[in-house]
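What follows is a single structure, written as structure tokens, with notes after it.
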Amino acid sequence: MIRTISKGAAAATLGLALVLTGVNGANAVDAPSTSETPAPVAKVAKKDKAAIDAYKLAKADYQVAITAFKAAKQEFEVQKAAHKLAMDELKPALTAYASAKKVIGQTFSSAMQAAKATFDMAVAGEVTAEQKLAAKSAFEQARTTATAARTAALSALGTAPVKPAAPVKPTKPVKPSRP
């Protein structure tokens, strides 16, 4: 019990000492270290009717802009749902286009590999210059045919389906500052 009283007395003495002592100005951290003075801030007098009227007008415009923003936000949500639906409908078409294009590429590749294998077989071993020339012209003919077939298939396939443009999210208006 005596300990509690002595601790309480010590705390009271410390608190009284802190209250009664002043804070030295040299210990202040906020004091500027140079002789520069901060730039004066324009203050609006309480009776500055022009600034108050301008603020009221800006506030009224802000309220109108907020109402328009809320309507635009609802329209954005509708457009976003429509865009998602359009993308869901477009996904199978994009997949079909990609697979058809892949098949065309694989067909071209297999035709070129067959032409290359035929050319390699024709020039293997001891062959004359005329035989090499004939094998080369047969390879060039096969390459031209494969390229024409690929070009025709890609033309028949057409262009890739176009993704719809994503809707643009409306921007929230900035609240005017009080004078």
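The values are calculated or read from the model by the stated rules, or taken from the named source; none is laboratory data. Remember, it's a predicted structure, so these values are computed and weren't measured experimentally. In this analysis, Cβ positions are derived from the backbone assuming ideal geometry, glycine residues included, and neighbour counts consider all displayed protein chains.
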- Please work out which one of (1) at pLDDT 95 or above; (2) within 41 Å of the chain's Cα centre (by Cα) is the condition Ala111 fails and give its number. (2)
- Query: Would a scan of the stretch 87-107 turn up a residue that is over 30 Å from Pro164 (Cβ atoms), of a type outside the set (Gly, Ala, Ser), at pLDDT below 95 and surrounded by 11 or more Cβ atoms within 10 Å (Cβ to Cβ)?
  - Reply: no
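Residues are listed down the side, and each one gets a yes or a no for (1) under 30 Å from Phe76 (Cα atoms); (2) in a loop (DSSP other than H, G, I, E, B); (3) β-branched (Val, Ile, Thr); (4) touching a strand residue (DSSP E or B) at 6+ places or on another chain (Cβ under 8 Å):
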| position | (1), (2), (3), (4) |
| --- | --- |
| Gln131 | no, no, no, no |
| Ala134 | no, no, no, no |
| Ser137 | no, no, no, no |
| Gln141 | no, no, no, no |
| Ala146 | no, no, no, no |
| Ala149 | no, no, no, no |
| Ala153 | no, no, no, no |
| Lys163 | yes, yes, no, no |
| Thr171 | yes, yes, yes, no |
- Only one of these conditions is not met by Gln106: (1) closer than 30 Å to Leu157 by Cβ; (2) touching a residue at least 24 places away in the same chain (Cβ under 8 Å). Which number is it? (2)
- Item | Residues located in the stretch 108-146, provided they are within 29 Å of Pro161 (Cα to Cα) and of a type outside the set (Ser, Thr, Tyr) | Phe108, Ala111, Met112, Ala146
- Can you tell me which residues in the stretch 124-179 are surrounded by 11 or more Cβ atoms within 10 Å (Cβ to Cβ), in contact (Cβ under 8 Å) with a residue 60 or more places away in the chain and farther than 30 Å from Tyr55 by Cβ? Leu157, Ala160, Pro161, Lys163, Pro164, Ala166, Pro167
